[in-house]
Amino acid sequence: MSSSPTISAMGLPADLLVGKKLRELRTRKGFSLRALAEQSGLNVNTLSLIENGKSSPSVSTLQQLAIALDVPITAFFEVERVEKRVVFTPADQRPQVLLGGVQMHNLAEDLRSSSIQPFIVTLEPGTGSGERMIVHTGVEFVYCLSGWLHYRVDGQEYALKPGDGLTFEAHLPHCWENRGEETAQILLILHPGDEREEELGQRHFLRSVVQKEVNMKIAVITEDGKTISQHFGRAPYYLVLTVENGQVVNREMREKLGHGRFGAEHHGHGEEHHHGAGHGLDSGSHRKHVSMAEAIADCQVLICGGMGMDAYDSMRRLNIQPIVTDLRSVDEAVQAYLAGNLTDHPERLH
């Protein structure tokens with residue numbers, strides 16, 4: 001791999017471009033370096049090195065920063081955004097950054113819609129997406145242009161050679177790596193599944209991937225503290241687990257507001273079944289979900305066995321990541337989450 005710096009389309013070395021954008025986004029969001037370190041789980045010194053162009057973040061590190069700053073990962077490619085309805089990208093003018101040995105070329109910079117995000121990704125031997133599994137909304141499509149590339153999706157291995165394609169639901173934990181001896185190149189197309197993601201902060205990557213050394217709290221919908229309830233609205237308790245250095249250090253049962261607290265107007269089914277205008281976004285339903293979430297305002301994740309689509313949306317708007325699982329055991333689900341292997345099942349929403 002060449003040691004010379006990659007140059008972005010705007011003439012800046014790619015490391016400096018990412019660092020410049022990180023500093024701009026951090027300042028715009030009102031974060032100090034230390035505050036962003038706490039929010040992202042990254043070291044202050046690491047952030048400082050990235051901002052000063054002295055270190056290239058991996059794809060998974062950039063994902064953590066995008067989550068912490070509540071921006072899409074494409075935000076780190078943009079210099080001056082001018083929204084376009086048509087984007088023509090000449091081969092020699094692709095906006096690009098180098099992320100820990102992975103070169104990513106954005107093929108749709110400044111496209112007004114974020115419903116499709118195409119990249120040309122070049123990987124030197126031994127490089128890949130990073131140590132942690134990636135989980136996000138929608139669908140991911142990969143087409144191998146040259147070399148060999150290994151994808152791991154939901155525990156299954158796929159070896160792609162030139163001409164091979166791979167398409168999968170992107171909520172399945174996945175990662176990729178060039179295990180060959182020559183440079184590999186792929187066409188990567190991301191299609192976020194939530195049409196409202198731009199309004200919700202354009203969070204392309206979700207908080208389903210957690211760095212084990214981050215201190216956090218996970219809430220689980222339950223009736224007995226051991227099993228996961230199948231119905232968000234009717235369950236009487238949250239079990240709140242405090243995680244430090246990847247280990248559960250405390251468990252606390254908290255009472256949860258249920259359907260009965262909101263009156264007979266819900267006819268026993270509750271607020272998460274209202275599917276009115278702007279499904280999941282009507283103010284009445286959202287206010288009720290806010291009340292139900294007050295007891296877990298200090299939590300980052302909510303695990304349950306089933307919930308309504310609008311309750312799911314409300315949790316996301318409150319910056320609490322909802323995960324709908326088919327697992328019944330609280331301990332099994334929490335350990336799967338901490339290992340990056342807990343799959344969200346949006347098809348279980350009602």
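The values are calculated or read from the model by the stated rules, or taken from the named source; none is laboratory data. Keep in mind that what you see is a predicted model, and the values were worked out from it rather than measured. Every residue, glycine as well, gets a Cβ built from its backbone with ideal geometry; the counts of neighbours run over all protein chains shown. Each accessible area value is taken on the protein alone, full model and side chains, heavy atoms only, with ligands, DNA and RNA left out. Shrake-Rupley method; radii C 1.70, N 1.55, O 1.52, S 1.80 Å.
So R316 clears everything in (1) touching a helix residue (DSSP H, G or I) at 6+ places or on another chain (Cβ under 8 Å); (2) open to solvent by less than 60 Å² (accessible area, probe 1.4 Å) except one condition, right? Which one?
The one condition R316 does not meet is (1).
Looking at L98, is it in contact with an Asp or Glu (Cβ under 8 Å, 6 or more places away or on another chain), within 18 Å of Q63 (Cβ to Cβ) and at pLDDT 80 or above?
No; evaluated as a whole, the condition is false for this residue.
What residue, among those in the stretch 122-142 that are of a type in the set (S, T, N, Q) and under 19 Å from T167 (Cβ atoms), is modelled with the lowest pLDDT?
Result: T137.
Considering only the stretch 132-163, state which residues are assigned to a loop (DSSP other than H, G, I, E, B), free of Cβ contacts under 8 Å to residues at least 60 places away in the same chain and open to solvent by 40 Å² or more (accessible area, probe 1.4 Å).
If the condition is that a residue be assigned to a loop (DSSP other than H, G, I, E, B), free of Cβ contacts under 8 Å to residues at least 60 places away in the same chain and open to solvent by 40 Å² or more (accessible area, probe 1.4 Å), then W148, K161, P162, G163 are the ones that fit.
Tally time: how many residues in the stretch 319-350 are in a helix (DSSP H, G or I), open to solvent by 40 Å² or more (accessible area, probe 1.4 Å) and either in contact (Cβ under 8 Å) with a residue 24 or more places away in the chain or charged (D, E, K, R) (or both)?
Matching residues across the stretch 319-350 total 5.
Which of (1) out of contact with any helix residue (DSSP H, G or I) (no Cβ under 6 Å at 6 or more places or on another chain); (2) within 18 Å of V301 (Cβ to Cβ); (3) modelled with pLDDT of 70 or more is the odd one out, the single condition V209 does not satisfy?
Result: V209 passes all but (3).
Does any residue of the stretch 257-277 turn out to be outside any strand (DSSP E or B) and modelled with pLDDT of 85 or more?
There is no residue in the stretch 257-277 that is outside any strand (DSSP E or B) and modelled with pLDDT of 85 or more.
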